[in-house]
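Inspection log for the structure reproduced underneath, given as structure tokens.
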Amino acid sequence: MDYHEYELEDFLTDPEFRNWVLKPNPASHFFWKKWLAANPTKRNTVLAAKEIILSLKFHSNNEVDDKDQGELLKSILGKRKPVSGIKKMGLHTIAFQAAACALLMIALSFGHRASTSTELEPVFSSIRYIVKENFKGQKSRITLPDGSTVFLNNNSSVSYASQFTGVREIFLNGEAFFEVKKDSTKPFLVNSNGLVTKALGTSFNIKAHKGKKVEVGLVTGKISVTAVSKNEDVEIINDTGGRAVYDAADGQLDISAYDDMDFYKWTKRILVFKAAGFDEIEEALENWYDVDITVKNLNRPITYTGEFPSESLESVLERIAFVEKFSFEIDEENERAVKIIFK
């Protein structure tokens, strides 16, 4: 596929490009990372198209399949007439078209951004949703419309309204640390995999990766947590180090406390392991350093504890290897490929 000649509408209607935006995987992430580095003049166009597709997905209440999205976008952009298979459009499809038209107008004002976490400049005063996303190996600091701060970890994303009206509501996928500006008239809500965390003026950490338990840790102030499936049950946490763990699979919400305050050291770029199994170590290193790890000859349990303040991947692996008795290789031609061999 020759993307060098692509303009905004071409990226929007390309199925492979949309798959990368909506369903990224290591291979597609690596391809586009390298392609953008080699084609810097196309960076703004690619990021604008990416933001539009993410915003369309966020605004859609119902699913529109990939084929229909492509055809609708082509129709909106005047590329060609819609095919007969989508002439009978429901309300969600009409809304999709309207949103696409509006977002394409916004994209015309899209300016330079250095990060993959980008924001569209407003063209008109209506409230829109902003999506911030970090790939593996990235961390960012985000200032919300009310002045609150979000520290977004790698392989994570947040979305929120460009203006907060009655409620300050955030949607989180992954891990983030929140420093909330106090405003008693506007509750601050974070939705994360079926758990709603509420705060007025406080700081707390949430880890909510898809398919895993949600963990909330309080640093200052007071929060409440509520499972969406049991919205009448509200648990209050007002002790520093207080912890809530929610399992969406069975709706179980448990309140306890962390043994220490290491759970948010990642915001200071300190990587921490506490009696971690090797699956946890492997996942953390892949996300932290944006690498792909292959493990061979692991035939025993690992429970590793260690702390690494802003160290290189090679340094981290050397320290862990000394304790856990393995060797490792970092591919010279592809530095993202790491092989670990246990003795």
Fully extended contour minus Cα-Cα distance, from V167 to K186, at 0.36 nm per residue: 6.3 nm
Checking segment 221-286 for GluC sites (Glu not before Pro) in a loop per DSSP with at most 13 other beta-carbon atoms within 10 Å yields E232
Taking the Cα centre of segment 154-301 as origin and charging only Cβ (+1 Lys, Arg; -1 Asp, Glu), how large is the dipole, in debye to the nearest 20? 440 debye
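Once you order the gyration tensor axes a ≥ b ≥ c over the Cα atoms, which shape class does segment 191-261 get: rounded for a/c under 1.5, otherwise prolate or oblate by comparing a/b with b/c? If you can, show how the numbers build up before the last one.
Values: a/c = 1.74, a/b = 1.39, b/c = 1.26.
It is prolate, given that a/c is not under 1.5 and a/b is the larger ratio.
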Assuming 0.36 nm per residue, please report the length gained on full extension of the stretch V234 to D250 beyond their Cα-Cα distance. 4.1 nm
Assuming 0.36 nm per residue, please report the length gained on full extension of the stretch K343 to L298 beyond their Cα-Cα distance. 15.4 nm
Going down the table (K23/K207; K34/K207; K207/K274; K186/K212), which pairs top 25 Å between alpha carbons? K34/K207; K186/K212
Protein accessible area in segment 282-335, 1.4 Å probe - carbon and sulfur %: 45 percent
Can you tell me the accessible area per residue over segment 255-320, all protein chains present, probe 1.4 angstrom, in square angstrom? 53 Å²
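The values are calculated or read from the model by the stated rules, or taken from the named source; none is laboratory data. Being a predicted model, the structure only gives us computed values, none of them experimental. Every residue, glycine among them, receives a Cβ derived from its backbone with ideal geometry; neighbour counts consider all protein chains shown. The protein model used for the area step is the full one, side chains on, heavy atoms only, and it has no ligands, DNA or RNA in it. Shrake-Rupley method; radii C 1.70, N 1.55, O 1.52, S 1.80 Å.
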